Each structure stands twice: as C-alpha cells, then as structure tokens.
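S.K.: Below is a structure I'd like to ask you about.
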Amino acid sequence: MSWFKRDKTGIEKSSTIHVKVPDGLWTKCPGCSESLLTKEIEDNLQVCPKCGHHFRIATRKRLQALLDNGAWQEFDAEMTSIDFLNFKDTKSYQERINATVAKGGSRDAVICVEGSIEGIATQVAIFDFAFMGGSMGSVVGEKITRSIERGLEKKQPVIVISASGGARMQESILSLMQMAKTSAALAKLKAAGLPFISILTDPTTGGVTASFAMLGDLNIAEPKALIGFAGPRVIEQTIRQKLPAGFQRSEYLLDHGMVDMIVSRLEMRSTLGQILAMLTKQ
C-alpha cells in the first residue's frame, strides 16, 4: 500500500556549528544584573557602564589611572613581613607570606609611591587587597608611616587609598601597634599644615578604619563601599537586632557625617586634582 511508503531515508542532521564561548568573556554585574563584556568593564576602570557598580580594581591599574602619565616612583618595594611570633593556624604565617608573594604582585599589602596628580607632587600609599585581604601588619604600618614622613620632609600632601580587612591577626599586638604609629605620624603632618586625604574603597574595615583611614582632612569614599569596624553580620549577631538597610555603606556614612564626599572612580583623578590645588594653593 503506497501510503506506508517512506519518501525520505531518515531525519536529516542539522549542520549547525556550536561555538564555545571562552571563559571570562562576559561578566554579570551584581548591581544591575546586566551581562557585559568583561573588556568593556576593564576599559571603564572596573566600573559598570550601565549602573555605575564599582568592581574591585587591581592596585597598579588604579595608580595608572590616578597619577599623571601613569608614572610613579615606588619606595620600600622589597620590604616584606616575617613570622617573628611563629604563628600557625592550618598553615604557618611564613608559609602564607611565601605563598602570597609567589603569586606575584606586591610583597606586602601596601604600595607606597610618589607621583603627581594634575601636576601636584603627592605621596600615595595604596592597599593591595589581593595580599592577605589587605591586612595591616608591621610592614604595612612602617611603609605608611614612612610615606607620611616623606610628605612631611618634602612638604607634599599625602593620600592613603584603603582596601583592608583590618589588623593582621598573625602579628597580634604588633599589628595593633600600627594603628597608633600611623596616627601619630599623621598628627605631625597636621601640625605642619600639610593635607592628608583618605580614600575609602570596598572594603575598609577593622583596625584600618579605627585609625588613619578616618583621620583625613577629607574622607572620600567610592560608591557603595563597605566601611566600618566590625562587619554587619558580626554586629547583628552581637546585638541581636537587624541593621538598617545600607548600614556601613558609603551613602549611609555620608548621611551620618562619617565621610565627607562620595566620588566615582571615573571622576577621582579630576576631583583630587581640584582638591589638592585648593589645599596647596596652587
């Protein structure tokens, strides 16, 4: 019977070619949930071009965007921490230092440089959060103090850009001593009438917040940066209350007088240039 006769030999296979998308080509923004080309975000200083969400940015990339011609002179680059307390948790402190240094980049959690912003020579200390969460140990405190002292010697303003989880527990009380040490150096800078600008980025917490990070003549925060001493979860567990929405974020701190202004990373260089020109009367 002809109606059972098959006209075709079988189902034809599709000739569609499946292309594998390379890993990391796209990034989903946590601020607006848009999927964006990663390179588009990188070219915009790690700021979402749709909603302005600030991703974390590599330390040296930030310096290149901030300083004239992306150029600077670095100081104390070879200084690194040692395990003088023989501290050990799941690993020894020295093993953690060695492993972090072996990844490349900084030899400790802060980089101290001299460069110019809109032609004004400035001492800049910038935290590297990739190095043990930007934690402050004795090397970090010493390098920041030396940066402040160079500003004092050369009659230059000082800027510290913070991104830190706070004091480094592996150095115990010696880490906490850096809070007093850096604050005392800033007192001398203030007495000499030289400007200190503190830039607070996500996150700035613990002993860094409780010392030099909040002592600026101007405290400038990036949008929605987490800034505080203890983290919000720790506070909620301690007081057994729900914290207000946006608690410890830049906007909340601005509303409550804890920071002076919020500046987008895209406008930071021009804003600092204007402020430094005013404070140094140039």
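The values are calculated or read from the model by the stated rules, or taken from the named source; none is laboratory data. Because the structure is a prediction, the values reported are computed rather than measured. Because the Cβ atoms are built from the backbone with ideal geometry, glycine has one as well, and the counts that use them run over all protein chains shown.
S.K.: If I go through the stretch 254-282 residue by residue, how many of them are part of a loop (DSSP other than H, G, I, E, B) and surrounded by 14 or more Cβ atoms within 10 Å (Cβ to Cβ)?
M.R.: Residues meeting the conditions: 5.
S.K.: Can you confirm whether E95 is without any contact (Cβ under 8 Å) to a residue 24 or more places away in the chain and either charged (D, E, K, R) or not in a loop (DSSP other than H, G, I, E, B) (or both)?
M.R.: Numbers: without any contact (Cβ under 8 Å) to a residue 24 or more places away in the chain: yes; either charged (D, E, K, R) or not in a loop (DSSP other than H, G, I, E, B) (or both): yes.
Yes.
S.K.: Regarding D68, is this residue in contact with a strand residue (DSSP E or B) (Cβ under 8 Å, 6 or more places away or on another chain) and among the charged types (D, E, K, R)?
M.R.: Yes: the conditions hold for D68.
S.K.: Another question, then. Within the set of pairs 6 or more residues apart or between chains, which connect a residue that is in the same structural domain as G228 (by TED's automatic domain parsing) and charged (D, E, K, R) inside the stretch 238-257 to a residue that is surrounded by 10 or more Cβ atoms within 10 Å (Cβ to Cβ) and in a loop (DSSP other than H, G, I, E, B) with Cβ atoms less than 8 Å apart?
M.R.: R249/K224; R249/A225; E251/P223; E251/K224
S.K.: Right, another one. Checking the conditions here, which among R168, R150, R240 is of a type in the set (K, R) and buried (at least 17 other Cβ atoms within 10 Å of the Cβ)?
M.R.: Testing whether each residue is of a type in the set (K, R) and buried (at least 17 other Cβ atoms within 10 Å of the Cβ) leaves just R168.
S.K.: So, of the residues in the stretch 27-60 that are of a type in the set (A, V, I, L, M, F, W, C), surrounded by 14 or more Cβ atoms within 10 Å (Cβ to Cβ) and touching a Leu at 6+ places or on another chain (Cβ under 8 Å), which turns out to be nearest to T204 (Cα to Cα)?
M.R.: I57
S.K.: If you don't mind, there's one more thing I want to ask. Consider A230 carefully, then state whether it is part of a helix (DSSP H, G or I) and either outside the structural domain of C48 (by TED's automatic domain parsing) or of a type in the set (D, E) (or both). Spell out how you get there, then give the answer.
M.R.: Working: part of a helix (DSSP H, G or I): no; either outside the structural domain of C48 (by TED's automatic domain parsing) or of a type in the set (D, E) (or both): yes.
Considered against the rule, which asks whether it is part of a helix (DSSP H, G or I) and either outside the structural domain of C48 (by TED's automatic domain parsing) or of a type in the set (D, E) (or both), A230 comes out as no.
S.K.: Next question. Quick check on my filter: what residues within the stretch 116-135 are part of a strand (DSSP E or B), more than 16 Å from I199 (Cα to Cα) and touching a Ser or Thr at 6+ places or on another chain (Cβ under 7 Å)?
M.R.: Step one: of the stretch 116-135, the residues part of a strand (DSSP E or B) are 116-117, 120-127.
Then keep just the ones that are more than 16 Å from I199 (Cα to Cα); that gives 116, 120-121.
Passing the criteria: S116, I120.
S.K.: Checking S138 against (1) under 27 Å from M258 (Cβ atoms); (2) of a type in the set (S, T, Y); (3) without any contact (Cβ under 8 Å) to a residue 60 or more places away in the chain, which single condition isn't satisfied?
M.R.: Going through the list (1) under 27 Å from M258 (Cβ atoms); (2) of a type in the set (S, T, Y); (3) without any contact (Cβ under 8 Å) to a residue 60 or more places away in the chain, S138 breaks only (1).
S.K.: If you check F84, F131, which single one turns out to be in the same structural domain as A187 (by TED's automatic domain parsing), surrounded by 20 or more Cβ atoms within 10 Å (Cβ to Cβ) and either over 30 Å from A191 (Cβ atoms) or out of contact with any helix residue (DSSP H, G or I) (no Cβ under 7 Å at 6 or more places or on another chain) (or both)?
M.R.: Sole residue among the options that is in the same structural domain as A187 (by TED's automatic domain parsing), surrounded by 20 or more Cβ atoms within 10 Å (Cβ to Cβ) and either over 30 Å from A191 (Cβ atoms) or out of contact with any helix residue (DSSP H, G or I) (no Cβ under 7 Å at 6 or more places or on another chain) (or both): F131.
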